[in-house]
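Below is one structure; the comments refer to it alone.
None of the figures in this text is laboratory data; all of them are computed from the coordinates on show. For clarity, every value in this text was computed on a predicted model and none was experimentally measured. Here the Cβ is made from the backbone with ideal geometry for all residues, glycine too, and neighbour counts use every protein chain on show.
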C-alpha cells in the first residue's frame, strides 16, 4: 500500500479556515460501490497478498480443500451430526491453542501446555470425585493452578533469564510426573454425570442458538459501522463501506450457516460457545488494549519496548500465566468431553496439535504477528483432518504423517510470506 | 538571560581506575542546538549517559532550569523533561507508525496502564498532528515501521520523543548510516526542534551536519572540555584541531547572532572528522585515560 511518488501529500498544510479535513493519506481509495469499486478492491487485496499480508486466506482455502476431499471420500463428513461432533472435538485443544497463540506473539514457545492441561484436569477430577469438592470450585482450582504454573514458568523465563524453550520443556517433563502422582495407582478417574460433564453435553435450543448468532453478528456489524462513523467524524479515512459490507456478509453467513447446521443435529453446544467467547475476549484484549499492544511490541523489538517504559517482565509473566490458564481450561473441557481423566490426558499429540493449530491459523512463530482467530481456524483444520481420517478408518500412522505435512506446509507459507514482506519492505 | 534548560558543572565519571570524564561543563539553553563532538573514546556517550540517567556522574552537579537535580535513572530524566533518541532507533518493526509513537505512552487507568482501552482514533489524529507540525513525510501513519526509510524511521523516533513535551532532546548520532537526502530530512527536523524552543544536544561525528544545523559546538577530548565554538564564526578546521588536540589554545565562544537553520546542502564539504592529523601532535596529558575509555563499563 506504500504508493510511491505521493509522499509529499502527507505534509500538505491544511487550507486556512477550512474545517479539519481528512489527513492526506495516499493509500489507494476504494470507491464506495460499482464495478470500478469492486475492481479496485480486488487490486487492493492482490497488492496485500503480494506484499505477504496473507491473513487467513490460505487457511480458509486449505480448509475448503480438506472438506471437499473428505466429503468426496465419505459422504457422512459434511453432515450435521459429524460437524457438531467436530465442534465438540475442537473446543478443548482449541482453547489450549489460544494460549499458545499468546506465547507465540511474544516470539516465545510454551511446550508445557499439554501436560499442564492434563494436570489441571486431573486435579479437578481428584478434588471433585475423591475429595467431594463442589465441581465449580474444583474447576476454579484447576484454572488457578494453571495460572500459578504459568506464572512460575514465566517468572523463571522473565526474571532469571532461562530460555522459555528450556523452562517449558522442563515443565513438559515434570508436570507429566506430577499428573501421574496426583492420579495415583489407579491411573484414571471417571467423572460422574454432573456439572463438569454437562459442559460438553449441554446444547442450546434452536431459538437460543439463532439468538446467540444474531447478537454476535449484530455486535460485529454495529462495531464496524460505529468505527466508520467515528473515524469519519474525526476526519480520518474510514474503512471502505464495501469492505465493511463484505466482511459483515462473510461473518454473518458463516455464523448463520454454522448455527443452522448444528441446529439440524443437537443444537449449538455450550463448549463451542465457551471456546468462541475465549477467542473473542483474547482477540479484543490483544488488539484493543495497551496490554495487547505491549505483547505485540515485545514480539517485534524487546529493547524498544523496554525503552518505551513497558514493564517487560510483567508482560512476559502474565502471558505465560494466561497460556497455562487457558491450557488448564482446555484440560477441563477435554475431561468433560471424555467424562474422565487418565494418565494420558493432555499427553500424546495435545501439545503439538495446539501449537500446530496456532501456527496453521497464521500466527507467526517469529513473534509479533497473528490474530486470536488463528487458533479457531487452525484447530478447525487439524480436527477436520483427524475427524475425516477417523471416518475413513485410516491408520494412526497416516494421521500423524498428514498432520505433520500440513503443519510443514503452513510454516513454509509463513516463511515465504515473511520473505514477501521483506522484499516489499514490510519487515 | 534565562537559565539554560540543563547545565552541567564539574561533571566527573570514573569507572574503577579509569577517569572517563574530568570536570566537564556544559550548558544547554532553550532554542539552541548544541553539538557534542569528539574522537572515539573522548567521553561523549559517557557524558550523555549522565544526563539521560543511564550512568549517573561520580562527581559534579546537574542543574535543571537553574535548580540542582540528581538524575539516577532514565525515569528521572524523562520526568524532568529530558528525552533521548538513541542511535539504534528503538522502534518496533511490526507495529505501525501510530502505535510506535504511542507505545508506552498510554494513560494509566485505575488498574494500571496495561488495562487501558486504546483510543485508536484519537491516537491516529494526534499522530497526524504531530507529524504535520514537524513536517515529517510518511506515506501513511498506518504503515508498519519496517517499510519506512532510515530517515523516516529516525524522524518517527524523534517525533516520538516529543510526545512527553520534553525541554531537552538528546540525539545520539541521528544521521549515522543515513543517505544524503535522508540526512537532510533529519537535519530539517532538528531545525524544527529548535524553532519549537527546545534545547537540543546532537552527538555527531559528521562536522558537515554539525555546521549545517548547530549553533554551538562543544568539543570533548580525553574526557575534558577541549573547546567551545560558535558555528557562525568558527571554521571546521578549528574544530578538527580541537578534537585531535592539535590546537591547545581554546578559541572560546564569541558572541554572535545565531545562525538561522540552513539547508544541509549549503554546508561546506568537511574532511572526515577524526582523520586529518595535524603536523604537531599534542603531548598526551600525564593523567589522560586511554582512548578506549568509552568502551569501559562498570
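Of note:
- Model label points for residue B:135 and residue A:134, set 7 angstrom from Cα along the Cα-to-Cβ axis, are 6.9 nm apart.
- Helix A:270-288 axis, angle to chain A major axis (alpha carbon atoms, nearest 10°): 40 degrees
- Shown for A:405, B:155, A:185, B:58: other C-beta atoms within 10 Å of each C-beta, ranked fewest to most, produce the order A:185, A:405, B:58, B:155.
- Taking region B:1-160 and dividing mean pair separation by its residue count, relative contact order in percent (alpha carbons under 8 Å, at least six apart): 19 percent
- Two-site FRET efficiency, residue A:392 against residue A:288, from Cβ-Cβ distance with R₀ of 41 Å, rounded to 0.05: 0.45
- Inter-part distance where region B:44-70 and region B:177-196 are each reduced to a Cα centre, Å: 26 Å
- Its relative contact order, with pairs defined as Cα atoms under 8 Å and 6+ residues apart, puts region A:203-268 at 58 percent.
- Cα gyration tensor shape for region A:74-159, rounded if a/c is under 1.5, else prolate or oblate: oblate
- Once the chain from residue B:177 to residue B:9 is taken as fully extended at 0.36 nm per residue, the excess over their C-alpha distance is 57.2 nm.
- Taking B:205, B:128, A:294 and counting other C-beta atoms within 10 Å, the order from fewest to most: B:205, B:128, A:294
- When A:197, B:84 are arranged by Cβ crowding within 10 Å, least crowded first, meaning fewest neighbours, the order is A:197, B:84.
- Overall form of region A:223-359 per C-alpha gyration tensor (a/c, 1.5; a/b vs b/c): oblate
- Point-to-point label distance, residue A:419-residue A:188, nm (Cα→Cβ direction, 7 Å offset): 4.8 nm
- Here, P(r) means the percent of Cα pairs in each 5 Å bin from 0 to the largest distance; for region A:285-427 it is 2, 8, 13, 18, 18, 16, 11, 7, 4, 2, 0, 0.
- Among A:249-258, A:364-373, the order from most to least packed when residues are scored by Cβ within 10 Å on average: A:364-373, A:249-258
- Cα centroids of region A:279-341 and region B:144-171: 29 Å apart.
- Helix A:396-423 and the long axis of chain A differ in direction by around 30°, with both axes built from C-alpha atoms.
- Overall form of chain A per C-alpha gyration tensor (a/c, 1.5; a/b vs b/c): prolate
- Per residue, the average separation of C-alpha pairs within less than 8 Å and at least 6 apart gives region B:94-163 a relative contact order of 46 percent.
- Label point distance in nm, residue A:245-residue A:81, each placed 7 Å from Cα along Cα→Cβ: 4.2 nm
- The packing ranking, built from the mean of other Cβ atoms within 10 Å per residue, places the peptides A:337-346, A:378-387 in the order A:378-387, A:337-346, highest first.
- Counting only alpha carbon atoms, the long axis of helix A:350-360 and the longest principal axis of chain A meet at about 10°.
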